[in-house]
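Structure first, then comments.
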Amino acid sequence: MNKSTPADTTFPRLLRAHAAAQPDAPAVREKDLGIWQTWTWGETAQAVREMACGLASLGFEAFDNLAIVGANRPHLYMAVVAAQSLRGVPVPLYQDAVASEMVFMLDDAEIQFVIAEDQEQVDKLLECRELQKDSGHAIRHIIYDDPRGLRHYTQPGLLSFEGLRELGRAYDAAHPGFFDVRVASGEPGDVGVILYTSGTTGRPKGVCQTHASFIAAGHGGVVTDRLGPGDNVMSYLPMAWVGDHLFSVAQWLVGGFTLNCPESAATVMNDMREIGPSYYFGPPRTFEGLLTAVSIRMEDAAAPKRWLYAKFMALAQRVGADILNGAPVGAGDRLLYGIGNVLVYGPLRNVLGMSRIRVAYTAGAAIGPDLFRFYRSIGVNLKQFYGQTETCAYVCLQQDGKVKLQTVGPAAPGMELRIADNGEVLVRGVSVLKEYYKRPDATAEVLDADGYFHTGDAGVLDSEGHLRIIDRAKDVGRMAGGAMFAPNYIENKLKFFPQIKEAVCFGDAREAVCAFINIDFEAVGNWAERRGLAYGGYVDLAGKPEVLTLIAECIAKVNADLAAEAGMADTQIARFLVLHKELDPDDDEMTRTRKVRRGFVAQKYAVLLEALYGGRSEQFIETQVKFEDGRTGSVSATLQIVDAKRYPEVRAAA
């Protein structure tokens, strides 16, 4: 591990340093057709050199922007550094964005060069190019990694990765010293990447982050968790997400550990078990999904296994997190926990692909304390980091031995925290954005005269300087009776249940809290099948009376918890309904990072809100939906509205 990363370096120079110091060590792996392929640091540096020279031969110049579209693939990560080697700027885009969404960012960033993963992305980019005809900005070159299905494509500007590298070798030979001069000319203050915001409240904005900011953020995490050569991380989250850029680019090039790219999104769990990563990260949704998979397996297990699991998990919930934190725990409980580690926790971590995990992180959205406690209780050193795209996802880091379930930790090295008079979290330090691309007005709105970035989150600092995020500031409100309403806090409690995939709560300026629920189709489907309950798809299953009763039981447990929490009794859920469709980014109900667009959902389903608050027992709705191939259709249902069980406030003893 490099504890003294030079302040005047860039990512291409970091790559060159690793290639010199550990040329034969594994830099990146990829599972392809069931076999793990490995690139050493020396091979990675050579591939980057050839890609960069190939781009130069096509006319890519300093400060040009290079779009990168695809899943986690070694060549795509190498393309990031190849663009930076020429003082260009990589612009990762979400690979599941439809052409009409993607063309906005291609135009906004004035993209002429694109690195794409495969035929699917090439087809989409060709559609984007068609849509750009009248925009004045058109894609000129599309370089693709996987050539399958593209042999007979004859559109202008298409080139394979191998073709690019061949051009690069020829250009390098004809222009000796060109590449090295370009790498040496790079400045730490150069924009190193443009990452587009998720667009929760409007059009996405391009966040310009410098080499210096991301290197400082990467260095802070590497030092905090003692990362370095020998560590392994699984890179499976969207390359356009700031968290992936922090872990899979910044920390990778600072720490010099090994990236592992799964064969596909569907094989991540199996690939993790094979690799046994020591370092792992994922948004709360990923950890919710893993817990759901475990719950389904346990429901299908024999009665003795279910009994054993329940007994030892109760013990883990009581003492597991304390043992992981190094807090005092009685000898008897420690002995029982050791037995549980052999019989339950160890095998469970292996099933999750976390048997070798030394440190794991979650971020991107608030994680419910119950879900957080579950992973720490079984011995997974899960911690939280906090930040935004505008701060390289680097504001707070939880440190070993100092993890609190309700906070995201203290300010990370090089960062300052301040709470504004209105409760908004303000941050200043090494990771704050340079600017929004071509948006000085938007930049001025979030950066004040003192250099503080206004996060838009509401939070409080405890006596030890640990930050607790309450919710998005714009979402925190007051109920008609005066009680504070933080919808995300309630939603996270609901999503701890494996049967609930998504929840949207409403209550600001209202007399009561009501909720939309998305069931987890796999978990609830498994539950229904074991009970002989026939169903014909999501709409049918979501409307079953038995399913509504199941969800009502989950909500009742959440309400019981809220009744026992100071000041939360009035925020118990009064009424709910189960939506007839899953909230979907393609239908604009969620961002590409799967954050709910709360205002849009409220407007789109206004008739359902009126029914919830109007005392109706059912409501018919028909909703337009978009399919992946661009077609549209509709789904309709009569939704039943259920009154939830509520509890009297539990007052603390005097």
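The values are calculated or read from the model by the stated rules, or taken from the named source; none is laboratory data. If you're wondering where the values come from, they're calculated on a predicted model, not measured in any experiment. Positions of Cβ are backbone-derived with ideal geometry, glycine not excepted, and every protein chain shown enters the neighbour counts. When the accessible area is computed, the model is the full protein with side chains, heavy atoms only, and any ligands, DNA or RNA have been set aside. Shrake-Rupley method; radii C 1.70, N 1.55, O 1.52, S 1.80 Å.
Odds and ends about this structure:
- Leading residue by the ranking (nearest to H580 (Cα to Cα)) among those in the range 605-645 that are at pLDDT below 95 and of a type in the set (K, R): K626
- Among the residues listed as S248, S213, S198, the single one being of a type in the set (S, T, N, Q), under 27 Å from D123 (Cβ atoms) and assigned to a helix (DSSP H, G or I): S248
Yes or no, residue by residue, for (1) without any contact (Cβ under 8 Å) to a residue 40 or more places away in the chain; (2) of a type outside the set (A, V, I, L, M); (3) in contact with a Lys or Arg (Cβ under 8 Å, 6 or more places away or on another chain):
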site: P304; (1), (2), (3): yes, yes, no
site: K311; (1), (2), (3): yes, yes, no
site: A321; (1), (2), (3): no, no, yes
site: V351; (1), (2), (3): no, no, yes
site: F374; (1), (2), (3): no, yes, no
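- Selection of the range 148-171 for residues being within 18 Å of Q112 (Cα to Cα), in a loop (DSSP other than H, G, I, E, B) and open to solvent by less than 30 Å² (accessible area, probe 1.4 Å) yields only G157.
One line per residue, one yes/no per condition, for (1) of a type in the set (D, E, K, R); (2) assigned to a helix (DSSP H, G or I); (3) within 19 Å of G70 (Cα to Cα):
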{"site": "P90", "(1), (2), (3)": "no, no, yes"}
{"site": "D96", "(1), (2), (3)": "yes, no, yes"}
{"site": "V114", "(1), (2), (3)": "no, no, yes"}
{"site": "K124", "(1), (2), (3)": "yes, yes, yes"}
{"site": "C128", "(1), (2), (3)": "no, yes, yes"}
{"site": "A173", "(1), (2), (3)": "no, yes, no"}
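- All strands (runs of 3 or more DSSP E) inside the range 1-86 with 1 or more residues being open to solvent by 20 Å² or more (accessible area, probe 1.4 Å): 26-32, 35-40
- The range 578-603: number of residues that are without any contact (Cβ under 8 Å) to a residue 24 or more places away in the chain and of a type outside the set (A, V, I, L, M, F, W, C): 3
- Scope the range 289-320; condition at pLDDT below 90, β-branched (V, I, T) and over 18 Å from the mean Cα position of the chain (by Cα); matching residues: V294, I296
- Any chance R472 is closer than 28 Å to F385 by Cα and either in contact (Cβ under 8 Å) with a residue 12 or more places away in the chain or open to solvent by 20 Å² or more (accessible area, probe 1.4 Å) (or both): yes
- For A552, the test of being under 15 Å from L639 (Cβ atoms) and either more than 24 Å from the chain's Cα centre (by Cα) or β-branched (V, I, T) (or both) is passed.
- Being modelled with pLDDT under 95, surrounded by fewer than 17 Cβ atoms within 10 Å (Cβ to Cβ) and within 28 Å of A444 (Cβ to Cβ) holds for only one residue in G202, G189, and it is G202.
- Any hit, the range 255-275, residues being of a type outside the set (V, I, T), at pLDDT 95 or above and part of a helix (DSSP H, G or I): yes
- Residue pairs meeting the criteria (Cβ under 8 Å; at least 6 apart or on separate chains; first in contact (Cβ under 8 Å) with a residue 24 or more places away in the chain, in the range 101-120; second basic (K, R)): M102/K124; F104/R203; D108/K438; Q112/R140; F113/R140; E117/R73; D118/R148; Q119/R148
- Test: residue in the range 280-288 that is at pLDDT 90 or above and buried (at least 20 other Cβ atoms within 10 Å of the Cβ): yes
- The criterion of at least 1 residues that are open to solvent by less than 10 Å² (accessible area, probe 1.4 Å) is met by the following strands (runs of 3 or more DSSP E) wholly inside the range 348-437: 359-362, 382-386, 424-429.
- Residues of the range 454-496 that turn out to be in contact with a Gly (Cβ under 9 Å, 6 or more places away or on another chain), part of a strand (DSSP E or B) and among the hydrophobic types (A, V, I, L, M, F, W, C), as a count: 7
- Every condition in (1) in contact (Cβ under 8 Å) with a residue 40 or more places away in the chain; (2) more than 22 Å from P238 (Cβ to Cβ); (3) touching a Phe, Trp or Tyr at 6+ places or on another chain (Cβ under 9 Å) holds for Y337 except the one numbered (1).
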